[in-house]
Amino acid sequence: MKFYQNEFKLPPFKRGFHLITSQVLQELPHLQNVNSGMLQVFIKHTSASLTINENADPSVRADFESHMNIMVPENAPYYIHTYEGSDDMPAHIKSSLMGTSVQIPITNGKLNLGIWQGIYLCEHRDYASGRNLVISAFGI
Amino acid sequence: MKFYQNEFKLPPFKRGFHLITSQVLQELPHLQNVNSGMLQVFIKHTSASLTINENADPSVRADFESHMNIMVPENAPYYIHTYEGSDDMPAHIKSSLMGTSVQIPITNGKLNLGIWQGIYLCEHRDYASGRNLVISAFGI
Amino acid sequence: MKFYQNEFKLPPFKRGFHLITSQVLQELPHLQNVNSGMLQVFIKHTSASLTINENADPSVRADFESHMNIMVPENAPYYIHTYEGSDDMPAHIKSSLMGTSVQIPITNGKLNLGIWQGIYLCEHRDYASGRNLVISAFGI
């Protein structure tokens with residue numbers, strides 16, 4: 001079994017949905033040594049998240065942000081966790097809806113993504129610092 | 001370490017939630033060689049998704065479709081990604097809410113699912129073609 | 001490759017979101033034998049789920065419950081799967097939104113979680129029994 005792991009910090013991104021596929025691949029070149037396997041990207045935070053979606057048109061990422069802000073609004077009257085700012089509690093909920101990790105098959109030393117798929121960093125806070133990711137690749 | 005992987009195309013399904021556990025198992029018979037391990041099913045698309053839920057009563061799948069259509073509506077006034085049809089942008093969002101993969105433990109050569117659990121294909125487009133899946137099973 | 005797996009039952013929890021990180025770690029001490037690897041926790045049910053979120057302030061977990069009850073309401077007029085109680089169909093939907101498993105990197109024999117991250121059991125039913133979990137840890 002081959003198992004490679006690396007931890008690194010993304011630079012700060014503004015609130016919204018951002019393509020990070022190329023940054024992820026750059027941080028784990030050992031991926032190419034895996035013939036059949038799996039890549040995991042994990043985010044070590046609870047107010048940002050990771051997902052896989054459309055990698056071409058930026059309007060998709062803009063609509064994600066608009067919709068998630070409606071579906072998980074700020075200042076909902078039932079929030080009691082409010083002392084970290086109006087963007088904090090919605091950020092936690094959005095994070096669990098999107099998820100803390102993505103798992104992608106590796107085939108012949110490459111990510112076996114669909115042609116339209118990319119990895120998104122979902123930044124749910126207004127003013128976040130860089131985010132810490134752990135990348136693991138394993139297989140044979 | 002054992003690592004088996006297979007890629008295949010599901011036939012087209014109509015918009016909605018569909019049980020595909022038996023199709024998945026058919027495509028990776030090597031699963032039975034894994035004593036303790038993990039199965040991943042990954043969908044290579046951004047407008048369909050995978051989840052695990054109730055495998056018995058079709059009314060559960062019907063209610064999933066009804067609810068997701070309310071929670072992520074078509075023609076929301078804030079969508080700007082509209083040129084691929086009114087079902088396209090909601091399909092992207094639903095896909096990230098449900099997820100692009102499921103990971104299921106393997107125990108004694110079988111999926112270790114709960115008695116009521118099955119794998120759903122969530123088809124979010126009105127008129128989709130078949131969907132490409134990658135199945136990976138690994139362990140000892 | 002090392003692969004450890006254990007199945008156990010959590011005691012009943014009341015409806016809501018609950019931290020279970022310490023219970024999970026207790027059930028798989030072999031985790032410390034894995035230098036670089038991955039932990040998966042899987043729930044064998046369709047009306048409860050698992051997620052990773054903030055491990056400190058209980059008000060975050062309370063707000064999760066409040067928001068999910070608004071976002072996936074009971075007694076929605078379009079539900080047809082109603083014969084198992086008004087909390088049943090929302091429980092299925094919430095379960096797929098949160099997810100059936102979490103995957104967490106292992107580094108130097110420990111879970112490589114962020115400082116604020118913990119594992120939540122999301123109990124979506126009013127009167128549930130204990131829930132069965134499968135924990136798998138693997139790596140080198």
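For the stretch C:22-76, which positions are assigned to a loop (DSSP other than H, G, I, E, B) and either more than 18 Å from C:PRO90 (Cα to Cα) or in contact (Cβ under 8 Å) with a residue 24 or more places away in the chain (or both)? C:LEU28, C:VAL34, C:ASN35, C:LYS44, C:HIS45, C:THR46, C:SER47, C:ASN55, C:ALA56, C:ASP57, C:VAL72 - these are the residues of the stretch C:22-76 that are assigned to a loop (DSSP other than H, G, I, E, B) and either more than 18 Å from C:PRO90 (Cα to Cα) or in contact (Cβ under 8 Å) with a residue 24 or more places away in the chain (or both).
The number of residues in the stretch B:90-111 being charged (D, E, K, R) and assigned to a strand (DSSP E or B) comes to 1.
Could you tell me which residue of the stretch C:9-39 is farthest from the chain's Cα centre (by Cα), considering only residues that are small (Gly, Ala, Ser) and farther than 14 Å from C:ARG131 by Cα? Spell out the reasoning first.
Pass one, the stretch C:9-39, residues small (Gly, Ala, Ser): C:16, C:22, C:36-37.
Narrowing the set further to residues that are farther than 14 Å from C:ARG131 by Cα leaves C:22, C:36-37.
Numbers: C:SER22: 13, C:SER36: 23, C:GLY37: 20 Å.
Looking at the filtered set, the residue picked out is C:SER36.
When restricted to residues that are part of a strand (DSSP E or B) and closer than 18 Å to B:THR51 by Cα, the stretch C:124-135 contains 2. One residue stands out in the stretch B:119-129 among those that are open to solvent by less than 10 Å² (accessible area, probe 1.4 Å) and not hydroxyl-bearing (Ser, Thr, Tyr): the one that is farthest from the other protein chains (Cβ to nearest Cβ), namely B:GLU123.
Scanning the stretch B:1-20 for residues that are out of contact with any Cys (no Cβ under 6 Å at 6 or more places or on another chain) and hydrophobic (A, V, I, L, M, F, W, C) yields B:MET1, B:PHE3, B:PHE8, B:LEU10, B:PHE13, B:LEU19, B:ILE20. Taking the condition among the hydrophobic types (A, V, I, L, M, F, W, C) and surrounded by fewer than 23 Cβ atoms within 10 Å (Cβ to Cβ), does B:ILE140 pass? Against the criterion (among the hydrophobic types (A, V, I, L, M, F, W, C) and surrounded by fewer than 23 Cβ atoms within 10 Å (Cβ to Cβ)), B:ILE140 qualifies. The residues of the stretch A:38-50 include none that are more than 10 Å from chain C (Cβ to nearest Cβ) and open to solvent by 10 Å² or more (accessible area, probe 1.4 Å). Looking at the stretch C:52-67, is at least one residue more than 23 Å from B:GLY99 (Cα to Cα), in contact with a helix residue (DSSP H, G or I) (Cβ under 8 Å, 6 or more places away or on another chain), modelled with pLDDT of 95 or more and among the aromatic types (Phe, Trp, Tyr)? Within the stretch C:52-67, none of the residues are more than 23 Å from B:GLY99 (Cα to Cα), in contact with a helix residue (DSSP H, G or I) (Cβ under 8 Å, 6 or more places away or on another chain), modelled with pLDDT of 95 or more and among the aromatic types (Phe, Trp, Tyr).
For the stretch A:108-118, filtering for residues that are at the interface with another protein chain (Cβ under 9 Å from one of its Cβ atoms), open to solvent by 40 Å² or more (accessible area, probe 1.4 Å) and touching a residue at least 12 places away in the same chain (Cβ under 8 Å) leaves 1. Can you confirm whether the stretch B:8-21 contains a residue that is assigned to a strand (DSSP E or B), touching a Lys or Arg at 6+ places or on another chain (Cβ under 6 Å) and either at positive phi or open to solvent by less than 20 Å² (accessible area, probe 1.4 Å) (or both)? Within the stretch B:8-21, one or more residues are assigned to a strand (DSSP E or B), touching a Lys or Arg at 6+ places or on another chain (Cβ under 6 Å) and either at positive phi or open to solvent by less than 20 Å² (accessible area, probe 1.4 Å) (or both).
Say we look at the stretch C:52-92 and pick out the residues that are among the β-branched types (Val, Ile, Thr) and surrounded by fewer than 23 Cβ atoms within 10 Å (Cβ to Cβ); which of these is nearest to the other protein chains (Cβ to nearest Cβ)?
Among those that are among the β-branched types (Val, Ile, Thr) and surrounded by fewer than 23 Cβ atoms within 10 Å (Cβ to Cβ), it is C:ILE80.
The values are calculated or read from the model by the stated rules, or taken from the named source; none is laboratory data. Because the structure is predicted, anything quoted here is derived from the model rather than measured. All Cβ positions, glycine included, derive from the backbone under ideal geometry; neighbour counts span all protein chains shown. These accessible areas exclude ligands, DNA and RNA; they are computed on the full protein's heavy atoms, side chains included. Shrake-Rupley method; radii C 1.70, N 1.55, O 1.52, S 1.80 Å.
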